[in-house]
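> Structure in structure tokens, see below.
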């Protein structure tokens, strides 16, 4: 009876010179979150070997101010991700750094009233200049003024055009690199960031831009009808994770419960509703599940919704600060995967805009 519990023996780590990839492989044979971090690399590497898989990254938290935006750029350049779903902050605050202004190492042990008087914004232990933030907003506002006022833009269309604008100005922000590599960016809550202020600044100049969230959701869910399988990588949770989870179950109402030809999914018997669980899933989070929030919600819980595949070895949840996990995962993948991935063509999303 005890034999099934003793199939994989734990292997202690021996200290010697080794690559990051080798270290994480060894960590995957230990325990706790070190093991989960190693497993996350394995799951991502397996995703990259699939021939008909769309990889979606959900990006929450204050990652760009923490110097992680260039890692996201690398993932897009290698097409280790095909779609980015982000908070507005992560795809606006990166522009400050890409413009050459940057952020500064600071401390959380500081007088915040003094920072306010000095026009310094604090992101835990990072300092940013309010004047630099405003220059970023003014740049985006200048872009917004170039958009049509009678055309309803989805966030993916907005960021595609912004990426082109930034690319032409040689500002290598996330949107620019996404544009250059054919990676769409969705940001369903983008006004909850500098973008909300830029829309008001453009309005003050007599320029009203229309954002269509229904069109955006329709475009996003349509991705689920054009691929065999989907893999997801969640940095944090929040709106980016929730939207990406919905692509697994919202295809059915889109197709009037007729399903998607060529996709293998499930069917809820009581409703005759199709669902298509994500084949692979990784989440890096510091939130706990017992509080009931989505950022801490386990991938196993998502199985009950039909959002995540239940097959063993296809998912990994690592409870770790993303500023620790993301650089390690990226460098391990850099060592293991030497060629640019042949990725799905997402250009159909932008065929109607100029």
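The values are calculated or read from the model by the stated rules, or taken from the named source; none is laboratory data. Just so we're clear, the structure is a prediction, and the values are computed from it rather than from any experiment. For neighbour counting, all protein chains shown are included, and Cβ atoms are generated from backbone atoms with ideal geometry for every residue, glycine included.
> Output yes when any residue across segment 18-33 is outside any loop (DSSP other than H, G, I, E, B) and in contact with a strand residue (DSSP E or B) (Cβ under 7 Å, 6 or more places away or on another chain), and no when none is.
Yes, segment 18-33 has at least one match.
> Continuing with this model, one more query. Residue 217 versus (1) closer than 30 Å to residue 277 by Cβ; (2) touching a strand residue (DSSP E or B) at 6+ places or on another chain (Cβ under 6 Å): which is the lone unmet condition?
With respect to (1) closer than 30 Å to residue 277 by Cβ; (2) touching a strand residue (DSSP E or B) at 6+ places or on another chain (Cβ under 6 Å), residue 217 is out only on (2).
> Hey, another quick one. Which condition number in (1) modelled with pLDDT of 90 or more; (2) more than 28 Å from residue 20 (Cα to Cα); (3) crowded, with 16+ Cβ neighbours inside 10 Å is the one that residue 320 fails?
Of everything listed in (1) modelled with pLDDT of 90 or more; (2) more than 28 Å from residue 20 (Cα to Cα); (3) crowded, with 16+ Cβ neighbours inside 10 Å, residue 320 misses just condition (2).
> Would a scan of segment 185-204 turn up a residue that is without any contact (Cβ under 8 Å) to a residue 40 or more places away in the chain, closer than 22 Å to residue 70 by Cβ, out of contact with any strand residue (DSSP E or B) (no Cβ under 8 Å at 6 or more places or on another chain) and in a loop (DSSP other than H, G, I, E, B)? Explain how you work it out, then say what you get.
Just the residues of segment 185-204 that are without any contact (Cβ under 8 Å) to a residue 40 or more places away in the chain, to begin with: 200, 203-204.
Cutting the leftovers down to closer than 22 Å to residue 70 by Cβ gives us none.
Looking for residues that are without any contact (Cβ under 8 Å) to a residue 40 or more places away in the chain, closer than 22 Å to residue 70 by Cβ, out of contact with any strand residue (DSSP E or B) (no Cβ under 8 Å at 6 or more places or on another chain) and in a loop (DSSP other than H, G, I, E, B), one finds none in segment 185-204, hence no.
> State which residue is surrounded by the fewest Cβ atoms within 10 Å (Cβ to Cβ) when the search covers only segment 81-114 and only residues that are part of a strand (DSSP E or B) and without any contact (Cβ under 8 Å) to a residue 40 or more places away in the chain.
105
> Please determine, by comparing only the residues of segment 260-283 that are part of a strand (DSSP E or B) and under 24 Å from the mean Cα position of the chain (by Cα), which one is surrounded by the fewest Cβ atoms within 10 Å (Cβ to Cβ). Outline the logic, then answer.
Residues of segment 260-283 that are part of a strand (DSSP E or B), as a first pass: 266-268, 273-275, 278, 280-283.
Filter once more, so that each one left must be under 24 Å from the mean Cα position of the chain (by Cα): 275, 278, 280-283.
Working: 275: 17, 278: 26, 280: 23, 281: 27, 282: 27, 283: 27.
Per the stated criteria, the residue is 275.
> So, one more: Among (1) over 18 Å from the mean Cα position of the chain (by Cα); (2) surrounded by fewer than 17 Cβ atoms within 10 Å (Cβ to Cβ), where does residue 309 come up short?
(2)
> Test residue 257 against the stated conditions and say whether it is over 20 Å from the mean Cα position of the chain (by Cα), surrounded by fewer than 18 Cβ atoms within 10 Å (Cβ to Cβ) and in contact (Cβ under 8 Å) with a residue 40 or more places away in the chain.
no
> In segment 323-349, which residues are more than 14 Å from residue 79 (Cβ to Cβ), surrounded by fewer than 17 Cβ atoms within 10 Å (Cβ to Cβ) and more than 19 Å from the chain's Cα centre (by Cα)?
335, 348
> Let me ask something additional. Inside segment 221-246, can you point out the residues that are in contact (Cβ under 8 Å) with a residue 60 or more places away in the chain and either assigned to a strand (DSSP E or B) or more than 19 Å from residue 298 (Cβ to Cβ) (or both)?
Correct list: 223, 226, 227, 228, 229, 230, 231, 232, 233, 234, 235.
> For segment 306-315: of the residues being in contact with a strand residue (DSSP E or B) (Cβ under 8 Å, 6 or more places away or on another chain) and in a loop (DSSP other than H, G, I, E, B), which is farthest from residue 41 (Cα to Cα)?
306
> Would you be able to tell me the number of residues in segment 52-77 that are assigned to a loop (DSSP other than H, G, I, E, B), out of contact with any helix residue (DSSP H, G or I) (no Cβ under 8 Å at 6 or more places or on another chain) and either surrounded by 19 or more Cβ atoms within 10 Å (Cβ to Cβ) or free of Cβ contacts under 8 Å to residues at least 12 places away in the same chain (or both)?
Let us first name the residues in segment 52-77 that are assigned to a loop (DSSP other than H, G, I, E, B), namely 52, 60-68.
Imposing the further condition that a residue be out of contact with any helix residue (DSSP H, G or I) (no Cβ under 8 Å at 6 or more places or on another chain) reduces the set to 52.
Narrowing the set further to residues that are either surrounded by 19 or more Cβ atoms within 10 Å (Cβ to Cβ) or free of Cβ contacts under 8 Å to residues at least 12 places away in the same chain (or both) leaves none.
Of the residues in that region, 0 qualify.
> Residue 271: out of contact with any strand residue (DSSP E or B) (no Cβ under 9 Å at 6 or more places or on another chain) and free of Cβ contacts under 8 Å to residues at least 24 places away in the same chain, yes or no?
yes
> Go through the residues of segment 284-299 one by one and say whether even a single one is in a strand (DSSP E or B) and modelled with pLDDT of 95 or more.
yes
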